[in-house]
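Every read-out reported here was derived from the displayed coordinates using simple, explicitly stated rules and does not represent laboratory data. Not measured: the values here are computed from a predicted model. Heads up, the Cβs are rebuilt from the backbone with ideal geometry, glycines too, and the neighbour counts pull from every protein chain shown.
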Amino acid sequence: MNSVNKVFRKFQADHVVFCLEGRSWRKDFYEPYKKNRIVARQALTDKELDEDKVFWETFKDLTDFLKDKSNCTVLRNEIAEADDLIARFIHKHPNDEHFIISSDTDFIQLISPNVKQYNGITDELHTIEGIFDDKDNRVLDKKTKEPKVIPDPKWLLFEKCMRGDSSDNVFSAYPGVRKKGSRNKVGLLEAYGDKNRKGFNWNNLMLQRWVDHNEVEHRVLDDYNRNVTLVDLTAQPPEILEFIDETIDAIEPKNFPMVGARFLKFCGKYDLQRISENIESYAHFLQLGYKE
């Protein structure tokens, strides 16, 4: 909430949209998707499980407040992830300026002239022009002392689709592939440079085959296309997009009165003293409804 309030005030936003998780359609499309999270959860101690339970109970209380007692938009689709909703909401509002508040690097692919990402952990704003701190100064690389830049989002997306995503248990389309090729072997850079033309370098890489630990043969292009569907936040199957669109198109402006007073009561329940002391600041974004 602190990050939302900070970005809302600094950039004079006019509405806040909260996107929540549903059960991901990706688990049906690709059975191993995020199965590593199950293993990680099974390793939690009893104390960690209790803390996790308290967190999610509090989180539900907050999201219920946002949905039922504030004028913010709260989106949730039963088969889509929050990432899907964010990407599609941006797509359906091309003339608006969007600020994604998240530390998730998956959103780099969405950064464009009208889409920026604020990382509340590092207190940095990631834009197509570069990375800026809270005083609007360019963030410098600690080693080179040069300003940090956002690599080409399209290249980053291509590389991720090729290399996979271990955090989501998405396997590589071509294990061990090099970024830069050699005299006898095409690398990712060469294939990416040939992506639109679909010439020699593209086909040379994509038509390669490899065998996994179960002795199953894979063609790079097939696994790459699978990963595009999983990773590219604009490449969901048409039937999934239709379902997500129904959720977004169903948004109705809310007009709850006295939201600040209601939120002050919520803060009292959880002893959120610092927020309570600045309740008018938070009440501002909680009060503003959606404008079509």
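Taking only the alpha carbons of the chain, we obtain Rg and Dmax values of 21.8, 69 Å in that order.
Taking the Cα centre of region 152-233 as origin, sum charge times position over the Cβ atoms of Lys and Arg (+1) and Asp and Glu (-1), and report the length of that vector in debye to the nearest 20.
That gives region 152-233 a dipole magnitude of about 480 debye.
Contact order for the chain, expressed relative to its length and based on alpha carbon pairs under 8 Å spaced 6+ residues apart, stands at 21 percent. For the peptides 83-90, 11-18, the ranking by packing is 83-90, 11-18, with the highest mean count of neighbouring Cβ atoms within 10 Å listed first.
Under 19 Å of direct C-alpha separation, and excluding same-chain neighbours fewer than eight residues apart, residue 69 reaches these lysines: 60, 254, 265, 269, 291. For region 147-292, the spherically averaged projection of the C-alpha convex hull amounts to 15.9 nm². Backbone phi angles across region 230-235, fed through the Karplus curve with coefficients 6.51, -1.76 and 1.60 (θ = phi - 60°), yield HN-Hα couplings of 6, 9, 6, 6, 10, 10 Hz in residue order; Gly and Pro are listed as x. Amide hydrogen proximity for residue 165: with H placed 1.01 Å from N in the peptide plane, the residues at 5 or more positions away or on another chain lying under 5 Å are 170, 171. The radius of gyration of the Cα set in region 152-233, together with its Dmax, comes out at 12.2, 36 angstrom. Selection among 218, 186, 247 by position relative to the dipole of the chain gives 186 as farthest towards the positive end (Cβ unit charges, Cα centre). Ignoring aspartates and glutamates fewer than eight residues from residue 195 along the same chain, the ones with Cα atoms less than 14 angstrom from its Cα are 159. P(r) for region 222-265, from all Cα pairs and a bin width of 5 Å, is 5, 16, 14, 12, 10, 10, 8, 11, 7, 4, 2, 0 %, short bins first.
When the P(r) of region 53-197 is calculated, the portion above 19 Å amounts to 67% of the C-alpha pairs.
Each peptide in 107-120, 199-212 was scored by the mean count of other Cβ atoms within 10 Å over its residues; highest first, the order is 107-120, 199-212. Sorting the segments 59-68, 276-285 by their residues' average number of neighbouring beta-carbon atoms within 10 angstrom, most packed first, yields 276-285, 59-68.
About the Cα centre of the chain, what is the dipole size in debye to 20, counting +1 per Lys and Arg Cβ and -1 per Asp and Glu Cβ, all else neutral?
The dipole of the chain has a size of about 960 debye.
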